[in-house]
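Engineer: Below is one structure. I have some questions about it.
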Amino acid sequence: MKKVVVTGGAGFIGSHLVDKLIKMGISVSIIDDLSSGKIENINQNADLWKKDLATVDIDALTKYMQGVDCVFHCAAKARVQPSIENPLPFNKANVDGTLKTLIASNKSGVKKFIYSASSSCYGDTKILPTPENAPIDPLSPYALQKYIGEEYCRLFSKLYELDTVCLRYFNIYGERMPSDGSAYSLVLSVWERQYKNNEPLNITNNGNQRRDFTHVDDVVEANIIAATNNKKFNGESFNIGTGKSLSINEVADMIGREKIYGEKRIEPFETLADNKKAILKLGWKPKRNFKKFIEGRFRWKIL
């Protein structure tokens, strides 16, 4: 890879990916409308085209992608509850935006398209750990829209021979994680604010729900491994998770503050990746330690 585009490159995942690619000596162009991404996240060595993918002119987008080897499509409207309350703008961003990006990638001769998919497509699955061939049962328009993006990737590989890869992220944490209620804003970012304010830790439902916490640096590595792999994947999906889960109560106990329970939400009881396929076929494996991150972030000794 010599030249790439990262959509959503001012966001949580995208900005970390941009930083890593630039360290590798790769020319990076970012497409981001800054509706949720932050200007301070943008690497100064990257080019920024401030555009909304759902409304951008397809010919202009195709021209912008000329000479690009790989597109990393990280851009998404990622708030779960608002997608339930008002699905239309989320569909426009997550479905129309993905389709436009695929069309422009194909027209401009992009070699590989890496799609940021979501483990939310599994819904409240009872198959744990969850393999990629588990039934798809989304619980929100956002989850459905992200899965539709996968299906478009597979279709473009079949019809146009654009090589695509779908990476189903589990619960991502790390530096720059948002606290705005988005799909990527883990309870950790909310708790961090409460911790600094010496407030109790707010927990939805009963706190027994379990999550597969996956570090953003591991996600970045999965993207780069998928992009640089010589194999053709043709829309294949890979779980990007640790294969381990912790309950929300267990994580709160690591921090050591009073817990309060309140809001009720429809959510999966447990997310737990079966990551054997990514390990064996991609050659990827998670490396970061969740407890060490919590200890450093909250400055609390974990025994």
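Engineer: Please list the non-local residues whose amide H lies under 5 Å from the amide H of R79, H modeled 1.01 Å from N, same-chain partners needing a gap of 5 or more.
Structural biologist: Long-range HN contacts for R79: A183.
Engineer: Using alpha carbon centroids, what distance separates region 189-255 and region 108-146, in Å?
Structural biologist: Computed from Cα coordinates, the inter-centre distance equals 15 Å.
Engineer: State, to one decimal in nm², a quarter of the convex hull surface area for the C-alpha atoms of region 43-155, i.e. the direction-averaged projected area.
Structural biologist: Seen from a random direction, the Cα hull of region 43-155 projects 8.4 nm² on average.
Engineer: Can you give the charge dipole size of region 183-243 about its Cα centre, rounded to the nearest 20 debye, using +1 on the beta carbon of Lys and Arg and -1 on the beta carbon of Asp and Glu?
Structural biologist: 120
Engineer: By average Cβ neighbour count within 10 Å, what is the ranking of 36-48, 206-218 from highest down? Each step should come with its number before you reach the end.
Structural biologist: Numbers: 36-48: 16.0, 206-218: 20.3.
Averaged packing, sorted descending, gives the order 206-218, 36-48.
Engineer: I've got another one for you. Dividing the Cα convex hull volume of region 228-268 by residue count, how many Å³ per residue is that?
Structural biologist: For region 228-268, the hull spanned by Cα atoms encloses 148 Å³ per residue.
Engineer: Please give the direction-averaged projected area of the C-alpha convex hull for region 179-275, in square nanometres with one decimal.
Structural biologist: Working: hull surface 30.0 nm².
The orientation-averaged projected area of the Cα hull of region 179-275 comes to 7.5 nm².
Engineer: Next question. Using only the alpha carbons of the chain, determine the length spanned along each of the three principal axes and report them from longest to shortest in whole angstroms.
Structural biologist: Taking max minus min along each principal axis of the Cα atoms, the chain gives 55, 41, 39 Å.
Engineer: Let me ask you something else. With the crude spin-label approximation of a point 7 Å out along Cα→Cβ, what separation in nm comes out for K158 versus K291?
Structural biologist: 4.6
Engineer: Taking the Cβ-Cβ separation of I39 and R193 as r and a Förster radius of 25 Å, what is the calculated FRET efficiency to the nearest 0.05?
Structural biologist: Working: r = 21 Å, r/R0 = 0.85.
The calculated FRET efficiency here is 0.75.
Engineer: Please report the antiparallel percentage of the DSSP beta bridges confined to the chain, to the nearest 5. Write out the running numbers ahead of the final one.
Structural biologist: Values: 3 of 39 bridges.
So the antiparallel bridges in the chain amount to around 10 percent.
Engineer: Write down, largest first, the equivalent ellipsoid semi-axes of region 9-49 in whole Å, where each equals the square root of 5 times an eigenvalue of the alpha-carbon gyration tensor.
Structural biologist: Numbers: eigenvalues 52, 20, 10 Å².
Each semi-axis is √(5λ); the values are 16, 10, 7 Å.
Engineer: Please give the residues of region 107-127, grouped as numeric ranges, whose backbone N is less than 13 Å from a label point set 7 Å along the Cα-to-Cβ vector of K232.
Structural biologist: Flagged as within label range: 111-112.
Engineer: Based on the mean of other Cβ atoms within 10 Å per residue, sort peptides 287-298, 4-15, 242-253, 62-73 so the most packed one is first.
Structural biologist: Values: 287-298: 14.8, 4-15: 27.2, 242-253: 18.1, 62-73: 19.8.
Packing proxy ranking, top to bottom: 4-15, 62-73, 242-253, 287-298.
Engineer: Across the Cα atoms of region 107-249, what radius of gyration and what greatest pairwise Cα-Cα distance (Dmax) are found, in Å?
Structural biologist: 16.9, 56
Engineer: Ignoring everything except DSSP H segments at least 4 long, calculate the 222 nm mean residue ellipticity for the chain; use -39,500 (n - 2.57) per segment, divide by total residues, nearest 500. Don't skip to the answer; put the middle values down first.
Structural biologist: Numbers: 10 runs with 101 residues, N = 303.
Estimated from H runs of four or more residues: -10000 deg cm²/dmol.
Engineer: Note down the nm distance, to one decimal, between modelled labels 7 Å out along Cα→Cβ at E151 and at T55.
Structural biologist: Distance between the two pseudo-spin positions: 2.7 nm.
Engineer: Convert each backbone phi in region 45-52 into a coupling constant with the Karplus relation 6.51 cos²θ - 1.76 cosθ + 1.60 (shift: θ = phi - 60°), then list the ³J(HN,Hα) values in order as whole Hz, x for Gly and Pro.
Structural biologist: 8, 9, 8, 10, 10, 7, 9, 8
Engineer: Restricting to bridges with both residues inside region 79-237, how much of the DSSP beta-bridge set is antiparallel, in percent to the nearest 5? Don't jump to the answer; show the numbers that get you there.
Structural biologist: On the way: 1 of 13 bridges.
Around 10 percent of the beta bridges assigned by DSSP in region 79-237 are antiparallel ones.
Engineer: Roughly how big is region 134-179's charge dipole about its Cα centre, with Cβ charges of +1 (Lys, Arg) and -1 (Asp, Glu), in debye to the nearest 20? Don't skip to the end; give the middle numbers.
Structural biologist: Numbers: 5 positive and 6 negative charges, 16 e Å.
It comes to approximately 80 debye.
Engineer: Of I260, G283, T214, which is farthest along the charge dipole of region 192-287 in the positive direction, counting Lys and Arg as +1 and Asp and Glu as -1 at C-beta?
Structural biologist: Result: G283, furthest along the dipole toward the positive end.
Engineer: Which pairs break 22 Å Cα to Cα here: K23/K231; K63/K231; K77/K196; K111/K231; K231/K277? If you can, show how the numbers build up before the last one.
Structural biologist: Values: K23/K231 24 Å; K63/K231 27 Å; K77/K196 28 Å; K111/K231 12 Å; K231/K277 14 Å.
Beyond 22 Å: K23/K231; K63/K231; K77/K196.
Engineer: Where nothing but the Cβ of Lys and Arg (+1) and of Asp and Glu (-1) is charged, how large is the charge dipole of the chain around its Cα centre, in debye to the nearest 20? Show your work: numbers first, answer last.
Structural biologist: Numbers: 43 positive and 35 negative charges, 150 e Å.
Charge dipole, the chain, about its Cα centre: 720 debye, nearest 20.
Only the coordinates and a few stated rules stand behind these numbers; no lab work does. If you're wondering where the values come from, they're calculated on a predicted model, not measured in any experiment. Here Cβ is always computed from backbone atoms with ideal geometry, including for glycine, and neighbour counts include all displayed protein chains.
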